[in-house]
Each structure stands twice: as structure tokens, then as C-alpha cells.
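The values are calculated or read from the model by the stated rules, or taken from the named source; none is laboratory data. Not measured: the values here are computed from a predicted model. Please note: Cβ atoms are built from the backbone with ideal geometry, for glycine as well, and neighbour counts cover all protein chains shown.
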Amino acid sequence: MSGCSILTPNEYKNRHDRVGQYLHWKICRHYSIDTPSNWYEHHPDPVTEGKDVSILWDFPIHTDRTIQANRPDIVIKDKKNNTCLLIDMSVPSGNNVAAKVFEKLSKYNDLEIEVEKMWNLKTTTIPVVVGALGLIKKGTNAFIEKIPGSPSLQEVQKNSLEQYSTCVKKSSLALNLFFSISILFYVFVVRKTSPSITQGY
């Protein structure tokens, strides 16, 4: 159920984007970029410019060498500190957390190399992986601490849990609707078209 991908196909993306929305808000505030007072009122733009910084949201990075994994969730080009952060998030089912962290780190190896050559910035990948029930891998806090703005790991976990709760509620409604339709289909279609079903009663 924690994946919720079959019954509520949009909910995984909503969970994912809400975590990213909070992180993007914290990052913008760190760089003194105008943002709403509350993170949930913040809507990231594909490209946000500040003094000596560019923040990309779900934006492909075009490199000289073709790379398939070229779209991290958030990219921070800090020209003042000569650094680039590739932040990629995932809110998987609990038993996939450790595997997802490794996947994110290996996924962007090639992009790290190309970005360093292209932009001449020290580039680092930061995986943000929180299970649907708030489960994290040991060391997650160390990754979070590398993100400008000092985002709270507890807030990220809380956000994931709240979105999971919404997902479960919608999934339950979908299941109830499915079973109701199935019963109606049986009563009004199957029984009427299959007399042999009722002959034994």
C-alpha cells in the first residue's frame, strides 16, 4: 500500500513534490530570495535566480556528452562558493529506502563529471530518501545537513507521513468504490445473464 501507485497514480508524485517544495523553499530563503511565509504556499519555478546562485527545479541539464540521467529534482549552482549540488528525492515504500539511496548516488555519477567540466564547479549528489512511513537510512541526516537553508529532517519525515495518510484515504475510497461497482455488476448483469447460477437456490 505504501507505494499507492496502482490505486492513486498521482499520489506518489504529490508526496515527492511536497518534499521538494519544502526543500526548495528553505534553499531560496537561505539565499535571500523572496518566498511566501509558509513553505506550503511556495511554488518552485523551473529556474530561480539570486545573487551568485541559480536554482533549477526539475530542469534538464544539457551536457556535451549525452547522459540519460540529467534531470535531478533540484540543482543549486553556487557561483560564489564554486559548488553545484544535485539533489534528488524519493519517497519509496519502507523496504526500498537503502536501495534508493545507493541508486541515487550511482545514477548521477556521469552527470557530476560532466557538470564539473562544463561549469567548473565542485559537484556533489545529495540523495533525499524518506520512506512513505518516515523510515530513513542511517546517514540521511548527514545528507540533509549539506543542503543550504538547514532543512529539518523531521519536517521532511512529517511531510511524507501526511502525504502517505492522504494516499491511504484515497486508496480506501477507491477500493470501496471498486467493490461497490463489482457487487452492482454481479447483481444486475451476471445474475440476470446466468440463470444457472440461481437454479440451485
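Restricting region 67-126 to residues that are assigned to a helix (DSSP H, G or I) and polar (S, T, N, Q), which is surrounded by the most Cβ atoms within 10 Å (Cβ to Cβ)?
Filtering region 67-126 for residues that are assigned to a helix (DSSP H, G or I) and polar (S, T, N, Q), the one surrounded by the most Cβ atoms within 10 Å (Cβ to Cβ) comes out as Asn96.
Given the criteria in contact with a His (Cβ under 9 Å, 6 or more places away or on another chain) and closer than 18 Å to Asn120 by Cα, does Ile74 qualify?
no
Counting only residues that are modelled with pLDDT under 95 and among the polar types (S, T, N, Q), which one in region 95-134 is farthest from Ile74 (Cα to Cα)?
So, considering only residues that are modelled with pLDDT under 95 and among the polar types (S, T, N, Q), the one farthest from Ile74 (Cα to Cα) is Asn95.
Can you give me the number of residues within region 26-52 that are loosely packed, with under 11 Cβ neighbours inside 10 Å and in contact (Cβ under 8 Å) with a residue 40 or more places away in the chain?
Qualifying residue count for the region: 0.
Right, Lys138: without any contact (Cβ under 8 Å) to a residue 12 or more places away in the chain and not in a helix (DSSP H, G or I) or not?
Taking the combined requirement at face value, the residue satisfies it.
What's the total number of residues in region 141-150 that are touching a residue at least 60 places away in the same chain (Cβ under 8 Å) and within 16 Å of Ser90 (Cα to Cα)?
Count: 1.
Hey, any hits in region 52-74 for a residue that's within 21 Å of Ser150 (Cβ to Cβ), out of contact with any Asp or Glu (no Cβ under 9 Å at 6 or more places or on another chain) and either of a type in the set (S, T, N, Q) or at pLDDT below 95 (or both)?
Within region 52-74, none of the residues are within 21 Å of Ser150 (Cβ to Cβ), out of contact with any Asp or Glu (no Cβ under 9 Å at 6 or more places or on another chain) and either of a type in the set (S, T, N, Q) or at pLDDT below 95 (or both).
Keeping to region 135-147, report how many residues are crowded, with 18+ Cβ neighbours inside 10 Å and farther than 27 Å from Lys79 by Cα.
Residues meeting the conditions: 2.
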